[in-house]
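> There's a structure below that I have some questions on.
The values are calculated or read from the model by the stated rules, or taken from the named source; none is laboratory data. Everything numeric here is computed off the predicted structure, so don't read it as measured data. FYI the Cβ positions are ideal-geometry reconstructions off the backbone, even for glycines, and counts take in every protein chain you see.
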Amino acid sequence: MRSSDIRSTFLGFFGERDHRVVPSSSLIPSDPTLLLANAGMNQFKPCFLGETVPEHPRAMSVQKCARTSDIENVGRTTRHATFFEMLGNFSFGDYFKAEAISWAWELFTRHYNLDRDRLWVTVYLDDDEAEQLWRGVGVPSERIQRLGMEDNYWSMGMPGPCGPSSELHYDRGPSFGRDGGPAVDGERYQELWNLVFMQNLRGEGTGKGDYPVVGTLPHRNIDTGLGLDRLAAILQDVETVCETDLLAPGFRLVQEMSGREYPGRDGGDTSTSIRIVAEHARSVAFLIADGVLPSRDGRGYVLRRLMRRTILHARRLGIDGPVLAALTGTVVGNLGEAWPELTRESELIRRVVTAEEDGFERTLRQGSRILETAIGRATSPLSGRTAFDLHDTYGFPIDLTLDAARSAGLTVDEDAFAALLDEQRRQAHRASRDRKGEAAARRDLYRRIGAEYGLTEFVGYETTTTETRLVALLDDTGTVQSAREGDQVEVILTRSPFYAEAGGQVGDTGTLRTSDGGVLQVVDTRRGLDGLHVHTVRVTEGEVRPGAEAEATVDADRRAATARSHSATHVLHAMLRRVLGDHAAQRGSRVEPGRLRFDFAHFSALGRAELDTVQTLVNDYLLDDPGVRVWEAGRAEAEAAGAVALFGEKYGDRVRIVDIGDASRELCGGTHVGHGSQAGPVHIVGESSIGTGLRRVEALTGADALRHHDHRRALLTELAALLDVHPDQAPDRLRRRLETLAQTRRELESLRRDRLDEHARRLAAAAEPVPGGWLVARVVDSPDDLRALATRVPAHRPGDGAVVLGAETGGRAL
Ligand code: SER
């Protein structure tokens, strides 16, 4: 059965049982606590928790999943993968164990036609009910085993829904391992389908990975996960997931490129590397298609690591040239029909992998040179410090260092290497713990203030000035009872018109005047907690105490200049995507009065023409004076309305949406102009790379853009005055002047050559005959031309000879 038929059989089966198909979520989950989507249930977490009422109580999906926790097993076992498709059926407070079990059995034995005598079942320790139900459908009790938390209790590994589970396993036969059922051997008795009886809730625990069960969910639910690769391997009667039709084209290509046979003849290493290369290439393609880009941390690092492992294993197989583009190409070709995002993003995939592979090649070359030098000098063993520096500074993998040392007959001081690595980890951990400790203590303090006086009422969307009261003053040590002229402290207010830095927009500045004559300059505003604004102030007059009444006034000009930049940023984002494509999504921004910085995904430098196009589109759009509409909605409504949300940003259930005309709609908490044309001109002043696949555009807005133009105009006026023409004619005049200058240079040069030639001719004519030839020996008065002159003389005098010229310059002999 082909994998496309396995998918459609699953969906058909549950479709007939009133399940609605829900599309796979992106591998970048909307749940900010999760690095990558790793189970079909991820997107339904709010439904299980009772936070969201699902559209329909029964759902089914084919979910893209990425898991790298078992990466070491990939390629070594027949069944592990870093990417897989999970088929799942879900019930939200609707059917429960009985249906889930009997349907799973029916689908397996009657539709996928798996041999019922080879199916084994595991249930959670005390789940008698599940065992009864399995026996009811015909599973003999000797093929039902009970397992504990580790195997038969499923949770997300973090606070959230959880429950006991029951798994269906397939006996692949004695050539795969030992007798005794899944409790004994997971390779032979392969887990295929996990049925989770989702009914409990895990809580925060101590945060060290132990999340105790703290209660029950509002309903009893079903969450199942059936691994497509594994089922395909069995139905297609191949040994490993890499040989299924899901991975076969890449699997064959690796063998062709390397000229190695599968299985390899070296007892495992070759076969393992072939499988790893084919398997990882699929994950790489899917991750990039969903918007992950290689980087130094987070999901970008997962991707980078997968790419590097692929390249290293390809080299181990003897493939020297680039591999990733060709391999991910086979993934797109093979799976593009089932997963159209692969086809849509194929160009992006090709570019990202090519750039990353180039970069890694450079790393490897540089590392290899350093390593060769070190090996040349070393007596065994090679020092742990060298291995560590290569790893740490050059990103050069330790495996390669070990290989190279081995071929040179050296060992590596691996203990010293491990100790250095350990020490580095410990240091990083200590530093982050200290930082975290301080930050946590400060947050606790803010939390206590928030609990006592309430959060800040933010009125800055409507006004820039308001009456308020100081509830707390803080210095570095904690809360204080007063601050006087010259002090810098933090102030918490009951109500604040000051925007606190967020979403790239800088915090507001301004003034606080207390009713008893104190004056405080607000130099920055940030968020101590969500909803608690912390104002950094300098006391410039009087003395202030908590409890004082005050008038708060935002520096309105600065705020207006910031709003211009923020609205301009949204329009810039929309126009960049229009010109470059949808992949040019925002990756960061900095919105300041009069200027902005915008980071986005793109793979090559923007040419002047592209920048001009973007700039013109932005300015034309703003000049059309589009209305700016700010509205609120539920998350789902906002997404359905096409609002652009940023990866990694946290949004609550109610979100604020900013529309500028009909081309820009973003989730945003920032402050904006009322109408597009108020943003004024936008002038792009720079474009640069800030990392692989990331570009940055910097621009000036409003009055700053105008001032920039004024400055440029003054320069032009000055140039025109120097050229003595109207500015319009300046380029033409300058071009002609430069041409004349070049012509004059050429003439001068030719005159100089003529003069030198003439001089050389005269010297040659005056040569003295000497035994064996002729001799020119003279002091001349052109010190700069000595060499040119000397080399020209023989042209005017046939036969062998010698030229000796001297000159005097500044009292020295040449
Ligand atoms: N959530 C369970 C799993 O991932 C079943 O879908 O295995």
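> Just checking, does region 597-616 include any residue being closer than 22 Å to Ile690 by Cα, exposed (fewer than 14 other Cβ atoms within 10 Å of the Cβ) and of a type in the set (A, V, I, L, M)?
Yes, region 597-616 has at least one match.
> Condition first: assigned to a strand (DSSP E or B) and either over 28 Å from Glu99 (Cβ atoms) or within 16 Å of the ligand (Cβ to nearest atom) (or both). Now tell me which residues in region 214-264 satisfy that.
Leu217, Arg220, Asn221, Ile222, Asp223, Thr224, Gly225, Leu226, Gly227 - these are the residues of region 214-264 that are assigned to a strand (DSSP E or B) and either over 28 Å from Glu99 (Cβ atoms) or within 16 Å of the ligand (Cβ to nearest atom) (or both).
> Check Gly50, Gly75, Gly93 and return the single one that is touching a helix residue (DSSP H, G or I) at 6+ places or on another chain (Cβ under 6 Å) and on the phi > 0 side of the Ramachandran plot.
After applying the criteria, what remains is Gly75.
> May I ask you to verify whether Ala705 is modelled with pLDDT under 85 and among the aliphatic types (A, V, I, L, M)? Please lay out each step first, then the result.
On the way: modelled with pLDDT under 85: no; among the aliphatic types (A, V, I, L, M): yes.
Against the criterion (modelled with pLDDT under 85 and among the aliphatic types (A, V, I, L, M)), Ala705 does not qualify.
> Can you tell me which residue within region 498-523, out of those that are charged (D, E, K, R) and closer than 24 Å to Arg587 by Cα, is surrounded by the most Cβ atoms within 10 Å (Cβ to Cβ)?
Start the filter on region 498-523 by keeping residues that are charged (D, E, K, R), which leaves 501, 508, 513, 516.
Then keep just the ones that are closer than 24 Å to Arg587 by Cα; that gives 501, 508.
Values: Glu501: 16, Asp508: 26.
For region 498-523, the residue satisfying everything is Asp508.
> Sticking with this structure for a sec: Enumerate the pairs (first residue in region 218-229 and closer than 15 Å to Gly160 by Cβ; second residue anywhere and near the ligand (Cβ under 8 Å from one of its atoms) and of a type in the set (Val, Ile, Thr)) with beta-carbon separation below 8 Å, excluding pairs fewer than 6 apart on the same chain, so at least 6 apart or on different chains.
Close Cβ pairs (under 8 Å, with a partner that is near the ligand (Cβ under 8 Å from one of its atoms) and of a type in the set (Val, Ile, Thr)) amount to Asp223/Val196.
> Further, regarding this structure: Out of Gly148, Gly40, I need the residue that is without any contact (Cβ under 8 Å) to a residue 40 or more places away in the chain and either within 14 Å of the ligand (Cβ to nearest atom) or not basic (Lys, Arg) (or both). Which one?
Going through Gly148, Gly40 in turn, just one is without any contact (Cβ under 8 Å) to a residue 40 or more places away in the chain and either within 14 Å of the ligand (Cβ to nearest atom) or not basic (Lys, Arg) (or both): Gly148.
> Within 25 Å of the chain's Cα centre (by Cα) and either assigned to a helix (DSSP H, G or I) or within 16 Å of the ligand (Cβ to nearest atom) (or both): is that true of Ala98 in this structure?
In short, no.
> Hey, which of the strands (runs of 3 or more DSSP E) in region 563-660, taking only ones fully inside, have at least 2 residues that are under 18 Å from Arg696 (Cβ atoms) and touching a residue at least 60 places away in the same chain (Cβ under 8 Å)?
Strands (runs of 3 or more DSSP E) meeting the threshold: 586-592, 595-601.
> Scan region 331-368 for residues that are over 27 Å from Ile690 (Cα atoms) and assigned to a helix (DSSP H, G or I) and jot them down.
Start the filter on region 331-368 by keeping residues that are over 27 Å from Ile690 (Cα atoms), which leaves 331-340, 343.
Selection gives Val331, Val332, Gly333, Asn334, Leu335, Pro340, Thr343.
> Moving to a separate point now. Filter region 71-95 for residues that are within 22 Å of the chain's Cα centre (by Cα) and of a type outside the set (A, V, I, L, M); which is nearest to the ligand (Cβ to nearest atom)?
Step by step, filter region 71-95, then rank; the result is Phe84.
> Which residues, taken from region 310-324, are under 22 Å from the mean Cα position of the chain (by Cα) and without any contact (Cβ under 8 Å) to a residue 40 or more places away in the chain?
Thr310
> Could you please let me know if Ser61 is away from the ligand (no atom under 15 Å from the Cβ) and either touching a residue at least 24 places away in the same chain (Cβ under 8 Å) or within 24 Å of Ala285 (Cα to Cα) (or both)?
no
> Next up: Hey, among the residues in region 283-326 that are buried (at least 24 other Cβ atoms within 10 Å of the Cβ) and hydroxyl-bearing (Ser, Thr, Tyr), which one's farthest from Arg695 (Cα to Cα)?
My answer is Thr310.
> Could you please let me know if Leu572 is crowded, with 22+ Cβ neighbours inside 10 Å and within 30 Å of the chain's Cα centre (by Cα)?
Here the answer is yes, as Leu572 does meet what is asked.
> Evaluate region 366-373: report whether one residue or more is under 28 Å from the mean Cα position of the chain (by Cα), over 15 Å from Arg315 (Cβ atoms) and acidic (Asp, Glu).
Among the residues of region 366-373, not one is under 28 Å from the mean Cα position of the chain (by Cα), over 15 Å from Arg315 (Cβ atoms) and acidic (Asp, Glu), which makes the answer no.
> When the residues of region 169-205 are narrowed to those that are among the aliphatic types (A, V, I, L, M) and more than 16 Å from the ligand (Cβ to nearest atom), which ends up surrounded by the most Cβ atoms within 10 Å (Cβ to Cβ)? Please lay out each step first, then the result.
Keep residues of region 169-205 that are among the aliphatic types (A, V, I, L, M), which gives 183-184, 192, 195-196, 198, 201.
Now narrow it down to the ones that are more than 16 Å from the ligand (Cβ to nearest atom): 183-184.
Details: Ala183: 14, Val184: 12.
By that ranking, first place goes to Ala183.
> Same structure, new question: Can you go through Arg435, Arg430, Arg442 and tell me which one is in a helix (DSSP H, G or I), at negative phi and surrounded by 11 or more Cβ atoms within 10 Å (Cβ to Cβ)?
Within the list Arg435, Arg430, Arg442, the selection yields Arg442.
> Can you tell me which residue within region 11-46, out of those that are polar (S, T, N, Q) and part of a loop (DSSP other than H, G, I, E, B), is nearest to Ala289 (Cα to Cα)?
Taking the candidates together, the pick is Ser26.
> Identify, from the list Gly359, Gly333, the residue that is under 22 Å from the mean Cα position of the chain (by Cα) and modelled with pLDDT of 85 or more.
Of Gly359, Gly333, the one residue that is under 22 Å from the mean Cα position of the chain (by Cα) and modelled with pLDDT of 85 or more is Gly359.
> Scan region 445-473 for residues that are of a type in the set (A, V, I, L, M, F, W, C) and either closer than 17 Å to Gly531 by Cβ or exposed (fewer than 11 other Cβ atoms within 10 Å of the Cβ) (or both) and jot them down.
Leu445, Ile449, Ala451, Leu455, Phe458, Val459, Val471, Ala472
> In region 47-87, which residue that is assigned to a loop (DSSP other than H, G, I, E, B) and among the charged types (D, E, K, R) is modelled with the lowest pLDDT? Give the steps one after another, and end with the answer.
Residues of region 47-87 that are assigned to a loop (DSSP other than H, G, I, E, B), as a first pass: 50-57, 67-70, 74-82.
Add one more test, that the residue is among the charged types (D, E, K, R), and what stays is 51, 55, 67, 70, 76, 79.
Values: Glu51: 81, Glu55: 81, Arg67: 91, Asp70: 78, Arg76: 83, Arg79: 86.
Checking each candidate, the answer is Asp70.
> Would you say Val238 is crowded, with 22+ Cβ neighbours inside 10 Å and farther than 28 Å from Gln43 by Cα?
So Val238 fails the test.
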